[in-house]
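**Q** Have a look at this one before I ask anything.
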Amino acid sequence: MESCGKRSVDNSKESEEEETGRADINKEDFHLKILKDICCELLSNMLQELTKENILEGLHQGHLNEQTCSCAFQNLLPLYFASVESFLEVLREADQTLADNLEKRFPSLKVHT
């Protein structure tokens, strides 16, 4: 009997720890979402400010490519559609092929360009 009582106390401690762990994870997820939202807002603003020269330099240095643009678009669309569309217009002047490839990956952009 004593061991049964001890187990239930141990189990309740484990349950409390699990609940605390879940609360920490939820809190961390919430903070990560806020951070992601802030980063997306910043990125969308930066995309709107890029010039053809900036984009050409980014392409030349390897900072801009189909993979990085796709990753950015996945996080920005559809909320920051105008920023992505603006960037794509300037990108088209710098690298038509890359812009076309991105439009193929993100059909929602094709309709509006």
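The values are calculated or read from the model by the stated rules, or taken from the named source; none is laboratory data. Note that the structure is predicted; figures quoted are calculated from it, not measured. A quick note on method: Cβ atoms are made from the backbone with ideal geometry, for glycine too, and the neighbour counts reach across all protein chains shown. SASA here: full protein model, heavy atoms, side chains in, ligands and nucleic acids out. Shrake-Rupley method; radii C 1.70, N 1.55, O 1.52, S 1.80 Å.
**Q** So, of the residues in segment 53-64 that are within 11 Å of Val90 (Cβ to Cβ) and either open to solvent by 100 Å² or more (accessible area, probe 1.4 Å) or among the polar types (S, T, N, Q) (or both), which turns out to be farthest from the chain's Cα centre (by Cα)?
**A** Among those residues, the one meeting the criterion is Glu53.
**Q** If we keep just the residues of segment 65-79 that are open to solvent by 40 Å² or more (accessible area, probe 1.4 Å) and over 10 Å from the mean Cα position of the chain (by Cα), which is nearest to Ile38 (Cα to Cα)?
**A** Result: Leu79.
**Q** Further, regarding this structure: Tell me, which residue of segment 21-47 that is open to solvent by 90 Å² or more (accessible area, probe 1.4 Å), of a type outside the set (Asp, Glu) and more than 11 Å from the chain's Cα centre (by Cα) is nearest to Leu102 (Cα to Cα)?
**A** Filtering segment 21-47 for residues that are open to solvent by 90 Å² or more (accessible area, probe 1.4 Å), of a type outside the set (Asp, Glu) and more than 11 Å from the chain's Cα centre (by Cα), the one nearest to Leu102 (Cα to Cα) comes out as Met46.
**Q** If you check Leu91 against the conditions, is it closer than 15 Å to Lys52 by Cβ and at pLDDT 95 or above?
**A** For Leu91, the condition - closer than 15 Å to Lys52 by Cβ and at pLDDT 95 or above - is met.
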